[in-house]
Structure formats: structure tokens, C-alpha cells
1. Please specify each residue of segment 239-258 satisfying the condition of being at pLDDT below 95 and over 22 Å from residue 149 (Cα atoms).
2. Looking only at segment 300-328, which residues are farther than 21 Å from residue 49 by Cβ, free of Cβ contacts under 8 Å to residues at least 24 places away in the same chain and surrounded by fewer than 14 Cβ atoms within 10 Å (Cβ to Cβ)?
3. Please verify whether segment 42-56 includes one or more residues that are farther than 17 Å from residue 284 by Cβ, crowded, with 23+ Cβ neighbours inside 10 Å, out of contact with any strand residue (DSSP E or B) (no Cβ under 8 Å at 6 or more places or on another chain) and in the same structural domain as residue 88 (by TED's automatic domain parsing).
4. How many residues, within segment 29-41, are buried (at least 21 other Cβ atoms within 10 Å of the Cβ) and modelled with pLDDT under 95?
5. Going through segment 243-299 one residue at a time, which ones are part of a helix (DSSP H, G or I), exposed (fewer than 13 other Cβ atoms within 10 Å of the Cβ) and touching a helix residue (DSSP H, G or I) at 6+ places or on another chain (Cβ under 8 Å)?
6. With the structure loaded, tell me whether residue 70 is closer than 25 Å to residue 320 by Cβ and either in a loop (DSSP other than H, G, I, E, B) or touching a strand residue (DSSP E or B) at 6+ places or on another chain (Cβ under 9 Å) (or both) or whether it fails that test.
7. Please work out which one of (1) modelled with pLDDT of 95 or more; (2) within 15 Å of the chain's Cα centre (by Cα) is the condition residue 165 fails and give its number.
8. Within segment 184-207, track down each residue that is surrounded by fewer than 22 Cβ atoms within 10 Å (Cβ to Cβ) and either under 18 Å from residue 154 (Cβ atoms) or touching a helix residue (DSSP H, G or I) at 6+ places or on another chain (Cβ under 6 Å) (or both).
């Protein structure tokens, strides 16, 4: 069976290619992709050749949404049915293009829903395939894995109602983190150098807006919890003094090695630190449910909806970081 797929065949090069999928097995569902969203952090690092665990050529993306066309016998026993809509985070790729744990930027996908999806309760469960609620649009659901990433970090830190939280960096992860913390009853301050991103966070419920280009975060008092999504060690070093003694620090971004983090300034705050990565199936299902119920706003975070043919321009834009973008969605139909 043929599929159209975005393929990273070398550093800083992506092409839309026609690939032949492997044979479907009883463990698979066949998904007709509607939308797939770009994880601008992970895929930028891959585009630049900085994710050493992923090889070339490979199909990127871990946020796909589509309609189930066919269901294998074992997948049917797990409850999957033709016609349902699912959010999937990986797929079975053709030999030679499978040097990745991703694989959702493609027009049709073989998704193994019986492989490592029943891990220990509360475990990582990163390979989950979750059924969409009825009242959610595919493009919104495609962004929900990033909401689930933010939710994982917040749940690890156990942020109580009334806690004073700083979300540093208002890319898409930061925007989701601020909304979730507000939903959980925290008092939420946000910091970024982009006035438009700050204004959007305020529109979506943030209590305090800090322009870190012109203002010193530390002057705004101490915070019970700091969530950093910038992935920039120099920025982390600058904001750690704003953490309360015995506070909690969530390293929500991915920090390319080697790191220039100042562990001495961290040490002086005696913090508990969290290093979330990925998300659980429950976090994804919860993020989609909250979105369907109107408690989380994905739509206002979508800045670009493009056809897959526009991928080269998308990834160049993401690397250069010159255009104001947040959520980027490829539309396959």
C-alpha cells in the first residue's frame, strides 16, 4: 500500500515522497491521516541533525490524527473500529525509513495498537493511540500531544491550587502549561520576550505578564514553581534566583548536550527538579477531553495550517525562528 510521507533524508532537507507501507498485521489499524502537527522543538533539533537517536532517512512527527479505515483482528479485540478517529504518536514505517520513534507526517499510517500499549499503570505509555472525543476538530486534536507533554510535567511537580507559578517561554509548550496551571487553580505568571505571545497568554488566562526582554523576572518576587520551556541554559541560570527556597523547577524543554547550566545557582535554592519527557496515554486523552469541553484552547495556538508540499518552508522558518509561529499543522486532505 502506498502512502505520501514527509522524509528527512539528510540534515536540513525534507521531501514529500511516495513510500510503500509494510503488510498490515492483526495488531495494526490503518489510518487515513487528516492532520499532523509539528513539534517545533523536537523536529527542529532533528532537522538540524542534533537528535542522535534518530537516523536518516526517516519520517518525522509524533502528532497525527486520522480516521480508521481497516482494523486487524487483534486490534479489534482491543476495541478499535473502522470509522473512529484516533490520535496516534508513531507508525510502522517501511524498512530503511524507520530509524526513528516517530512517523506521523504521512497520508496513511499503519499503527500498531497492540505493541507495548498496556504498560504498568502510570507508566510512560508513549506509544498510545487514543480515540478522539466527538466534539473536537482534527487540527485541534493534532496539537493535544504537546498539551499532554505540558500536563505530564505539571503532574510530576504536583502543583497545588493557589501555588504561584512562573511559566518561562511562551512557545506552544509554555502556552499549554500556562493554561493547565490556571485550570488547576494556580496563580500564573508568564515570561517571554515576544509581546504578542505574552498578550495571547493573557487572553488565555495568565495572571501576570512579564516581558523578560525589558524586565527582570527576579523583581517580580519568588515563585513556588518555575516551569522552563526555553531550553536555553543561560535563560535558566537567570531565572533560578526567582525560585523560592525548597521550590520546584520543571525542565520542560529539551536541552541539547553539552549543557551550560549553572548547578551552583540551582544548588543554592535547594529545589526539587523534574525532567519530564513525552506523555502518557491518560494525559493525551485528558488533553483532548479538556479541549473538547472548551477548558483548553488549541485553536488560538494554531498559526500555520499548510499542505505537506510546504514542508521545506515550514522547517526553514522553524530553524530561523524569525516569524511569529506557534502551532503548525499539516493538512493531508
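The values are calculated or read from the model by the stated rules, or taken from the named source; none is laboratory data. As the structure is a prediction and not an experimental result, all values here were calculated from the model. So basically every Cβ, Gly included, is an ideal-geometry build from the backbone, and we count neighbours across all protein chains shown.
1. 258
2. Scanning segment 300-328 gives a single hit, 323.
3. Yes, the conditions are met somewhere in segment 42-56.
4. 2
5. Within segment 243-299, 299 is the sole residue that qualifies.
6. no
7. Here residue 165 meets the rest and fails (2).
8. Matches in segment 184-207: 184, 185, 187, 204, 205, 207.
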